[in-house]
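The next block holds one structure in the form of C-alpha cells; read it before the comments.
The values are calculated or read from the model by the stated rules, or taken from the named source; none is laboratory data. Please read these numbers as outputs of a predicted model, since none were measured by experiment. As a convention, Cβ positions derive from the backbone with ideal geometry for all residues, glycine included, and neighbour counts pool all protein chains shown.
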Amino acid sequence: MPPPTLNHPPAECVMRYYPRVDLTQPLENVLRAGHPWIFEDALRHPELEAGDAVDVYDMHGAWLGRGIIDPDSPIRVRLWTRNPQTELDNRLLDQRIRQAMKRRPFPTADTNGFRLLNGEGDRVPGLVCDIYGDVAVLRPDGLAAERWLKPARQTISKLLPVKHWAIKRSNLHRGKLPRAEWWECEAPAETTFVEGGLTYVVDPMEGQKTGFFLDQRANRRRLAELCVGRRLLNLFGYTGAFSLAAAARGAARTTTVDLAAPAIADARRNFERNHIPAPAHGFEACDAFEYLEQFDAERAPFEVAVCDPPSFAHRHSDVPRATEAYTRIFQKLIEVMPTGATIALASCSSHIDRGRFLNIVSAASQRAGAELVLTGTFGADVDHPTLAAFPEGDYLQFSVGTLCRD
C-alpha cells in the first residue's frame, strides 16, 4: 500500500512554497541518497522559466527536495537542498561559495590557478568557476545557472582580488547567448597564471574548457617525477602542460604532439616564457596515430609517454564507440613503446567510469601483446571535489604503469 499523499511538506517544516514538479519515475531513493540530477523524462512540471526554484515531489506525493529548473536542458532539475527549511536564494549561494573557498589550499605563492567552484561537487549545481591569477572564468552549465552569475561575482569579489571576468558557456545554451565573452570588463592583454612555480598562458575565449586543464595538476606533478633524466612523449598535449612540468623537473627531452597547430604554438611559447629552451624539445602539430606510425618498440626514442585524449563519450550512447577509440589509441602507443617504459593513460569522460576505463587499458595491453603493470590510478586534484552519491563527478581517470613483455 503506497504511503499517504502529501500535497506539500508539513507547514511547520517549510519557510515558503515554490512551484511544484512531480517525478514520473521511482527515483526517490537515488535522490534522497544525494544524486543532484533529474532528467527531462522523469518529471512532470508546469510551464516555468529557466532558473526558477522548484519543490520536487515523488510519485506518492512526498516532498523530496528543492532545486533549479531548466526547461531547455536534458538535466531538467538540479537539486540544491533536501532540507525544507532552506531557501534557495543568493544567501545560500554566498554560503556555499565561502565553504568552497575554505576547502581550497589555493592560492599559494607558487600556484594561483585553481578551480574555485566545481559545480555539483561543491554543492553549487551547474556552476563552475576557474581562477587564473586575477582572472575569473565562470562556466554556467545551461540557462538556469545564469541566475547565479551576478551574485557569484559579488561573493567571489570579496574573497579574491579578481580584476577580469569571463563567461564561458556550455553547449546547453544552444546558441541563445554568446559562447564566450569578457563580462563587463576589458579583456586583459594576456591571461597568465602560475602552477608549481611555472607560468602558463591561457585563452579563456578560445581555449578548451575554461582555457586549461586544471584537474590534471597533481598528475602533472606525479608524472614529472618519473621523467627525470628520461625522454617524454606527450600525446594530445594541447598547450604542453605535462611536457613543461616534466622539462622543469629534469626530463632529458619532451615531445608534445597535438593536431591543433595553435595549441602547439602556445606550448612552445609556454616553454620560452619559463626560460626552458624550446629547441631542446619537440613540438609536433599532427595526428597522434600518424605520429606513432613512424616508430616501433625497437626505435621509439622515449622512456615515458602520456596519452590524454579529449573526451570521446559526450553522452551515454557514445560509450561503445568511445571504448573502441580509447582502446585503439592506447594499443598503438603500447605497441611502439619499449619494454620497461612508463606509460600514463587518461580519460576525461563521466560516462567512462573507473571500472570501464581499467577494462579499456587491459584490452589495449592484450591487443598489443604486452602487459601494463599499474602503479596507480588517480583522479582530479583536490580542487575538483565530488559527492559520494554522484559518480558522474569522478570523471577523470589517469593510470600509470610500467610496460612489460615476455
Inside region 145-179, can you point out the residues that are in contact (Cβ under 8 Å) with a residue 12 or more places away in the chain and hydroxyl-bearing (Ser, Thr, Tyr)? Thr155, Ser170
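For every residue, the table says whether it meets (1) among the aliphatic types (A, V, I, L, M); (2) in contact with a Lys or Arg (Cβ under 6 Å, 6 or more places away or on another chain); (3) under 27 Å from Thr108 (Cα atoms).
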residue: Gly175; (1), (2), (3): no, no, no
residue: Ala189; (1), (2), (3): yes, no, yes
residue: Gln208; (1), (2), (3): no, no, yes
residue: Gly211; (1), (2), (3): no, no, yes
residue: Leu226; (1), (2), (3): yes, no, yes
residue: Leu233; (1), (2), (3): yes, no, no
residue: Tyr238; (1), (2), (3): no, no, yes
residue: Ala246; (1), (2), (3): yes, no, yes
Since Arg66 meets every condition but one in (1) more than 17 Å from Asp122 (Cβ to Cβ); (2) in a loop (DSSP other than H, G, I, E, B), which condition does it not meet? (2)
Only listed residue being without any contact (Cβ under 8 Å) to a residue 24 or more places away in the chain and not in a loop (DSSP other than H, G, I, E, B), chosen from Ala265, Ala248: Ala265
Could you grab the pairs with beta carbons closer than 7 Å, sequence gap of 6+ or different chains, first residue in region 23-41 and in the same structural domain as Asp55 (by TED's automatic domain parsing) and free of Cβ contacts under 8 Å to residues at least 40 places away in the same chain, second one surrounded by 15 or more Cβ atoms within 10 Å (Cβ to Cβ) and of a type in the set (Gly, Ala, Ser)? Thr24/Ala42; Gln25/Ala42; Leu27/Ala42
Is region 45-60 home to any residue that is assigned by TED's automatic domain parsing to the domain that holds Arg153 and not in a helix (DSSP H, G or I)? no
Among the residues that make up region 54-74, is at least one of them at pLDDT below 95 and hydroxyl-bearing (Ser, Thr, Tyr)? yes
What is the residue count in region 221-263 for residues that are surrounded by fewer than 21 Cβ atoms within 10 Å (Cβ to Cβ) and either touching an Asp or Glu at 6+ places or on another chain (Cβ under 6 Å) or not assigned by TED's automatic domain parsing to the domain that holds Ala300 (or both)? 4
If you take the residues in region 89-133 that are over 16 Å from the mean Cα position of the chain (by Cα) and of a type in the set (A, V, I, L, M, F, W, C), which one is farthest from Gly393 (Cα to Cα)? Ala109
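Residues are listed down the side, and each one gets a yes or a no for (1) more than 20 Å from Pro385 (Cα to Cα); (2) touching a residue at least 60 places away in the same chain (Cβ under 8 Å):
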| site | (1), (2) |
| --- | --- |
| Ile75 | yes, yes |
| Gln85 | yes, yes |
| Gln99 | no, no |
| Asp122 | no, yes |
| Pro125 | no, yes |
| Pro140 | no, no |
Is at least one residue of region 311-325 at pLDDT 95 or above and touching a Phe, Trp or Tyr at 6+ places or on another chain (Cβ under 7 Å)? no
Residue identified as at pLDDT 95 or above, in a strand (DSSP E or B), within 18 Å of Gly113 (Cα to Cα) and not assigned by TED's automatic domain parsing to the domain that holds Ala248 among Ile156, Ile167: Ile167
